[in-house]
Amino acid sequence: MDFGISGKRALVIGGSSGLGLAVCEALAAEGVNLAIFARNASRLASASAHLTQRFGVKVETVAGDITETLEVQRLAEQLKKSGGLDILILNTARPPSPMRQFLDETDDLRWSQAYQQQLNGALVVLRFITPLLLEKSSSRLVAITSATVKQPMPSHAISTVFRAGVQAALKHLANETASRGLTVNAVAPASILTAGLATHHNLAERAQAIPVKRLGTPEELAATVVFLTSRQAGFITGQTVQVDGGMTAGLV
Ligand SMILES: NC(=O)c1ccc[n+]([C@@H]2O[C@H](COP(=O)([O-])OP(=O)(O)OC[C@H]3O[C@@H](n4cnc5c(N)ncnc54)[C@H](OP(=O)(O)O)[C@@H]3O)[C@@H](O)[C@H]2O)c1
């Protein structure tokens, strides 16, 4: 299927590793040129070299931190000068580890870090980058959140509380921008096999707890993101698609 995105330009926040890098690969395979924003310059350089060599797309890297408003503001100015933006993938860091039950989360620093990374950083990106998307006649915003936005999971309080705020911001934005050619959606993963998941879980036990009896792959998550950026997904906005092997058991 031709997704109609070849030659477009996407910004992938946190695109230098893990799920963000998998999304970069999937977009690049469709001929999308990339801008990648993350903190570590050498990881950005490796990701850029890999993507350029393998897919032949243009890759611009910008080193910065979403919790620093000025750095995101500068990113927006830089992208505006260099041709604007058609697609934003809003990805963030994992919450502080290890995850705990709500009443065991007694450390103010962890709450503050999670607030900065999961919620405030995401809001800063949405505030400064969305205007660039609105300069195009048809644009796409896809956030990578977590299945916890639909169903709180044990020991995920520090993630769930702030992701709910991101979910609310995305819905506001979807409602506000639908008539201006921008669609705003989220993919909500759980149990996707990344380096982060591998270090914290007994993977065989985890897989047995999932209805489909296996972990998901970054490629499966990335393919869902790519579909939501496509021409064909133009009538979908304000939605969250779970990519969780059936783990979320509720009605919505
Ligand atoms: N795997 C799953 O099943 C699952 C389930 C639920 C939710 N998620 C969520 O999916 C997201 C991605 O997970 P992942 O395992 O791929 O994460 P990851 O490997 O830690 O990648 C995070 C990316 O974001 C960048 N980053 C981190 N902090 C940043 C900051 N302050 N400013 C700018 N860039 C920053 C990192 O690069 P630098 O460190 O160089 O900045 C990296 O490129 C996370 O939010 C995670 O909680 C995953």
For this session: Check whether at least one residue in the range 43-55 is part of a loop (DSSP other than H, G, I, E, B) and surrounded by fewer than 19 Cβ atoms within 10 Å (Cβ to Cβ), and report yes or no.
Result: no
For this session: Working only within the range 162-206, note down all residues that are more than 13 Å from G216 (Cα to Cα), within 15 Å of the ligand (Cβ to nearest atom) and among the β-branched types (V, I, T).
Result: V166, V187, T199
For this session: Output yes when any residue across the range 125-146 is touching a Lys or Arg at 6+ places or on another chain (Cβ under 8 Å) and more than 22 Å from A35 (Cα to Cα), and no when none is.
Result: yes
Exercise. From the set of residues in the range 132-165 that are touching a residue at least 60 places away in the same chain (Cβ under 8 Å) and charged (D, E, K, R), which is most open to solvent (accessible area, probe 1.4 Å)?
Worked result: K150
For this session: Please specify each residue of the range 198-210 satisfying the condition of being surrounded by fewer than 14 Cβ atoms within 10 Å (Cβ to Cβ), under 17 Å from P154 (Cβ atoms) and not polar (S, T, N, Q).
Result: H200, E205, A209
Problem set entry | Verdict on E205 being free of Cβ contacts under 8 Å to residues at least 24 places away in the same chain and in a helix (DSSP H, G or I) | yes
Seminar exercise, completed: Of the residues in the range 171-197, those that are part of a helix (DSSP H, G or I) and either over 23 Å from T237 (Cβ atoms) or open to solvent by 40 Å² or more (accessible area, probe 1.4 Å) (or both) come to K171, H172, N175, E176, A178, S179, R180, A195, G196, L197
For this session: Return yes when E71 is surrounded by fewer than 22 Cβ atoms within 10 Å (Cβ to Cβ), part of a helix (DSSP H, G or I) and either away from the ligand (no atom under 16 Å from the Cβ) or at pLDDT below 95 (or both) and no when it is not.
Result: no
Problem set entry | Inter-residue pairs, beta-carbon under 7 Å, first part of a helix (DSSP H, G or I) and in the range 107-120, second buried (at least 16 other Cβ atoms within 10 Å of the Cβ) and acidic (D, E), 6+ apart | W111/E105
Exercise. Is there any pair with a first residue in the range 6-35 that is assigned to a helix (DSSP H, G or I) and a second that is of a type in the set (K, R) whose Cβ atoms are under 8 Å apart and which are 6 or more apart or on different chains, and what are they?
Worked result: E25/R54; A28/R54
Problem set entry | Criterion (surrounded by 13 or more Cβ atoms within 10 Å (Cβ to Cβ) and either at pLDDT 95 or above or in a loop (DSSP other than H, G, I, E, B) (or both)) met by exactly one of A222, A168 | A222
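Quick check on this structure: which one of D2, D104, D65 is of a type outside the set (F, W, Y), within 12 Å of the ligand (Cβ to nearest atom) and surrounded by fewer than 20 Cβ atoms within 10 Å (Cβ to Cβ)?
Exactly one residue qualifies, and that residue is D65.
The values are calculated or read from the model by the stated rules, or taken from the named source; none is laboratory data. Keep in mind that what you see is a predicted model, and the values were worked out from it rather than measured. Cβ sites come from the backbone with ideal geometry, for glycine too, and all protein chains shown count toward neighbours. Just so you know, the surface numbers come from the protein's heavy atoms only, side chains and all, with ligands and any DNA or RNA stripped out. Shrake-Rupley method; radii C 1.70, N 1.55, O 1.52, S 1.80 Å.
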